[in-house]
Structures are given as structure tokens and as C-alpha cells.
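The values are calculated or read from the model by the stated rules, or taken from the named source; none is laboratory data. None of these values were measured; they are calculated from a predicted model. Cβ atoms come from the backbone with ideal geometry, glycine included; neighbour counts cover every protein chain shown. When the accessible area is computed, the model is the full protein with side chains, heavy atoms only, and any ligands, DNA or RNA have been set aside. Shrake-Rupley method; radii C 1.70, N 1.55, O 1.52, S 1.80 Å.
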Amino acid sequence: MEQVCSLNQAEKLVALDPVRPHIPAITRISMGRQIFHIQEKAVICLAFSNRIPASEKQLLESEIGPVAIAYSIWSLQKGLGKQIMKETIDFVKTTKRITRLLTFSPKTDIATQFHIGNGAVLAANYKTANIFEYKRIY
């Protein structure tokens, strides 16, 4: 898993985002945000927040904090979505400043099955998103 550091690479990957294509690449690599990828075939976008967001607006406007929130995950190759989630869990385990790993997920069956299948539990159910928590990281 590699971190995206350039705006050019971020723009290239964001153009493929089926989850939240409207969030600009510059926002995704700004302070308190990171994008990681596996061979540009699996991508995860993280926000480091001081709170659990109830909306996308809250997610994007939150202050930087110890809660890692995956808000867009996709893959172009079978199995890589699961792999990038596992590698993100490993990353969070080694980062002392992160206390929780959550997702801000679309309210779809595929997103629910993906996160529950990877060991997450439903932590909150909002109008436009479900929040899943990966508790096994602690």
C-alpha cells in the first residue's frame, strides 16, 4: 500500500472513484487527509477527524483528530478491496495517534456486506451513510 503524494496522481485516481467522485482530489490530500493505493487498482481515502461525522459536510469540515475515517474505497481487481482494507487496519495499528478506524459508507448492500465481511460492526446509521467500526484493530 502506497500513499498518494502528488495532486496529479490524486486526480488520476479520483477520476475512477465510483463512491464519491464529487470530492476534489486537492481536498483528499489536504491537511488531515490521505489517499492510499495498491498498484493504482485499489484505493482508500482517509480523513483524520476529531469526531464521528453524521454527514459528508461534517466529514469534510471536521477538525483534525485521532479518528481515521475511510470515506471512499474502491478496487478495479477482485480481492484488492479486501487487501487494501487489511493493510489500512495494519497501518492504523502502527500509528499511535489514531484511536479508532471507522468508515463513512454509502447505504448500499454491497458496502454493508464488504465491511461486515471484513470484520467491522455497524456503529451508527445516518440518513445518508452508515458508520462501520473496525474494532479488532485495538
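Here the gap between residue 2 and residue 135, fully extended at 0.36 nm per residue and compared with their Cα-Cα distance, gives a gain of 45.5 nm. Sorting 14-21, 98-105 by their mean Cβ neighbour count within 10 Å, with the most densely packed peptide first, gives 98-105, 14-21. Per residue, the chain reaches -8500 deg cm²/dmol at 222 nm when only DSSP H runs of four or more residues are counted, each adding -39500 (n - 2.57). Spin-label model, residue 16/residue 31: points 7 Å from Cα along the beta carbon direction are separated by 3.1 nm.
Listed options for mean projected area of the Cα convex hull in nm² are (i) 14.0; (ii) 9.1; (iii) 7.3. The value calculated from this structure is the one marked (iii). Between residue 82 and residue 124, full extension at 0.36 nm per residue minus the direct alpha carbon distance yields a gain of 12.9 nm.
Note that the chain presents 52 Å² accessible area per residue, ligands and nucleic acids not counted, probe 1.4 Å.
Taking all protein chains as present, what is the carbon and sulfur share of the accessible area of the range 6-138, in % to the nearest whole number, probe 1.4 Å? Whole-percent figure for carbon plus sulfur exposure: 56. Rounded to the nearest 5, what % of the DSSP beta bridges within the chain are antiparallel ones? Restricted to the chain, the bridges split so that about 85 percent are antiparallel.
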